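Working notes, structure below.
Quick note: the coordinates plus some simple rules give every number you see, no bench work behind them. Quantities reported herein were computed from a predicted structural model and do not represent experimental measurements. Here Cβ is always computed from backbone atoms with ideal geometry, including for glycine, and neighbour counts include all displayed protein chains.
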Amino acid sequence: MMARSLLPFLVLIVLASAPLQARAESVVEPPVGADASPEHSKINTLDASPVDPGHYEIETAYAYTRAYRAWDKDSSAHRRGFTSEQAVGVTVTAGLVTDLDVALSFGHAWIQDKDHDADDDGVPGPKSGQGLGDLGISGRYRFFHSEEQALDLAYSGGFTLPSGTRGGDFDIGTSQAFWSFDQTLAASKDWGAWTANAALGASLPLGGERGNARGTLTADVAGGYQILPWLQPEVELNYSREVIASGDDADLLAVTAGLVMPVHDSLRLLLGVQQGVWGRNADQATTLAMTVTAAF
């Protein structure tokens, strides 16, 4: 499974190693604003380009997820009780020095789940919950940058702190309830008006509170076309695998489609929808997302 997950990232690196001039004749420039650089941000795929030194970004996000169906361990879809989650989050990113930035993220969530079973004992648990989410702290280091090849490569590493609301007898928790070490290898690449991103990630749970959780692996690939200086339609493939100590792992493959809109030098808007298309032991969910980023 991991060999397949590596494929999008390896393909992107191989393409980037070819001389840019060899592909110049095949590139179609945008009809408006041909001299504008494509925006690297994507909805669910990490950008390898850090915030410039001495600058800041404040990102405010809202996401609504709902599902009526789920896949079992054999990837067969069936109806499940209605489940939904609304989440708002804020991420503050600061550029420290060239090629390095740090980020702090926090949020709040509202959850409903008619099939919730907190300890998998077959006894129904609470059906709803709300509260603060966990705190995330991370750093992103761009270890390769080439203007000639229009390519950035970066490593992001950090921790998720279980500062959110814990679940109980009457409420579903909004915290993962354990520490985790999170890391991602990301790439951003341009071909004229086209832009592509790829990312490989792993989250390692820490401590005795992790229960059966043994980690999450992710692989994302995204592509967009800057048709106007302020408008870039984009599409993504997002894969995740949740590893469990005892029991069956969970897999999910989803497609994300959206609009990246750098409407001003200091303001960026992202709108998108993600749909699960295949999975095992996972909800067949739909997510609507909106992100507003202010830079200064």
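Taking square-rooted eigenvalues a ≥ b ≥ c of the alpha carbon gyration tensor, is the range 167-296 rounded, prolate or oblate, where a/c under 1.5 means rounded and, failing that, a/b exceeding b/c means prolate? List each step's numbers first, then the result.
Details: a/c = 2.09, a/b = 1.88, b/c = 1.11.
The shape class here is prolate.
If neighbour count is taken as other Cβ atoms inside 10 Å, put 290, 261 in order from fewest to most. Don't skip to the end; give the middle numbers.
Working: 290 15, 261 19.
Lowest count first: 290, 261.
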Go through the range 237-243 residue by residue and turn each phi into a ³J(HN,Hα) via Karplus (6.51, -1.76, 1.60, θ = phi - 60°); whole Hz please, and just put x for glycine and proline. 10, 10, 10, 9, 10, 9, 8
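Take each of the peptides 207-219, 67-79, 171-183, average the number of other beta-carbon atoms within 10 Å over its residues, and list them starting from the highest. Write out the running numbers ahead of the final one.
Details: 207-219: 15.5, 67-79: 13.2, 171-183: 18.3.
Packing order, densest peptide first, comes out as 171-183, 207-219, 67-79.
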Rg ratio (alpha-carbon, reference 2.2 N^0.38 Å) - the chain: 1.04
If you filter the range 51-158 for GluC sites (Glu not before Pro), then keep DSSP loop positions with at most 12 other Cβ within 10 Å, what is left? 147, 148
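Given R₀ = 45 Å, what would the calculated FRET efficiency be for residue 69 paired with residue 146, taking r from the Cβ atoms and rounding to 0.05? Please report the intermediate quantities before stating the final value.
Details: r = 45 Å, r/R0 = 0.99.
With R0 = 45 Å, the Cβ-Cβ based efficiency is 0.50.
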Ascending count of other beta-carbon atoms within 10 Å, so fewest first, for 111, 227: 227, 111
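Using 0.36 nm per residue of separation minus the Cα-Cα distance, give me the extension gain between residue 248 and residue 166 in nm, one decimal.
Numbers: separation 82, 0.36 × 82 = 29.52 nm, distance 2.44 nm.
The residue 248-residue 166 span can extend by a further 27.1 nm.
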Does anyone have the angle between helix 2-17 and the longest principal axis of the chain? Alpha-carbon axes, 0 to 90°, nearest 10? 10 degrees
Which whole-number percent is the relative contact order of the range 131-243 (Cα, under 8 Å, 6+ apart)? 19 percent
With contacts defined as alpha carbon pairs under 8 Å and 6 or more residues apart, what's the relative contact order of the chain in percent? 20 percent
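Most exposed first by the Cβ proxy, i.e. fewest other Cβ within 10 Å, how do 159, 170 rank? Write out the running numbers ahead of the final one.
Working: 159 15, 170 10.
Ranked by crowding around the Cβ, least crowded first: 170, 159.
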